[in-house]
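Inspection log for the structure reproduced underneath, given as structure tokens.
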Amino acid sequence: VWEHRVSDTNIDLQARVYDKTTDSWGSVTMLSSTSDAEQTPAIAVDANSLVHIAWSGTDTSTGVLRYLNFTPATIAYNGTLSGATSPDNTETGVLYPSLDSDASGVVHVAYRATATQKKVFYRQRIVVGTWSAAEQISAASSNDADSPLLAIRDAGHPNVIYIKDSSLSSNRVLAASGRSSAGSTGQWSTPSSLATDDAFDAGSASAGLD
């Protein structure tokens, strides 16, 4: 899945599906086509081969969180998909969503929101069409969190790494937050620094769970 830039303000989302049987890629499919900016897509595939995509959809002056799922067969034969939902139309300035699916089929997503006061939020989709309320997982006093990366460990426990940009010294440090149980609300650990305080301009974080 990728951004297809018609212009700087008109950005669509397109995708292709790889068929391992024929060892070939399917045709390009339009996932979202509007006159606005659909950008920073994230993708995850669950145990049932259901494809989940989250992105920033700019249908107003600022981005909102959007979500869509489909099966490879659907995208291979329909050519064009519709039916994107907006789990969150209230938090603006959404960018850089990161999502994953656990063994129970629950979809987890972390994202940056509020363009002027950058914070990292988390939601989960427990049943079809139902999303949990947004939880701020960056520090309560933090207005400079960005670029979250989400991964699921055993029993559906979400973990998030994100960039914290200090407004005082321009240091960029990494912070991590993990949920102590797989419950539907709260219980996030206090974010901890991964990069040292003298690690200027740290960025582009990536991590994995075994």
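The values are calculated or read from the model by the stated rules, or taken from the named source; none is laboratory data. Note that the coordinates shown come from a computational prediction; the quantities given were computed from them, not determined experimentally. No Cβ is skipped: glycine too gets one built from the backbone with ideal geometry, and neighbour counts run over all protein chains shown. Please note that ligands, DNA and RNA were not included when accessible areas were found on the heavy atoms of the full protein model with its side chains. Shrake-Rupley method; radii C 1.70, N 1.55, O 1.52, S 1.80 Å.
Stretching the chain fully between SER7 and ASP144 yields a gain of 46.5 nm (0.36 nm per residue, less the alpha carbon separation).
Averaging 1/r across all pairs of distinct Cα atoms in the stretch 1-63 and inverting the result yields a Kirkwood radius of 12.8 Å. With 0.36 nm allotted per residue and the present C-alpha distance subtracted, the SER27-ASN48 stretch has 5.3 nm of extension available. Maximal additional length on extending the LYS20-SER86 stretch stands at 20.6 nm, based on 0.36 nm per residue less the C-alpha distance.
Couplings for the stretch 143-152, taken from phi via the Karplus curve 6.51 cos²θ - 1.76 cosθ + 1.60 with θ = phi - 60°, read 10, 9, 8, 7, 6, x, 10, 10, 9, 9 Hz in order; Gly and Pro are left as x.
The Cβ shell under 10 Å around TRP25 holds other residues with a net charge of -1, Lys and Arg each +1, Asp and Glu each -1. Summarising the label geometry, the points placed 7 Å from Cα in the beta-carbon direction at SER189 and ILE126 lie 2.4 nm from one another. Counting only protein heavy atoms and a 1.4 Å probe, tell me what percentage of the stretch 103-155's accessible area is made up of carbon and sulfur. Roughly 53 percent, rounded to a whole number. The order of the peptides 119-129, 3-13, 92-102 by mean Cβ neighbours within 10 Å, most packed first, is 92-102, 119-129, 3-13.
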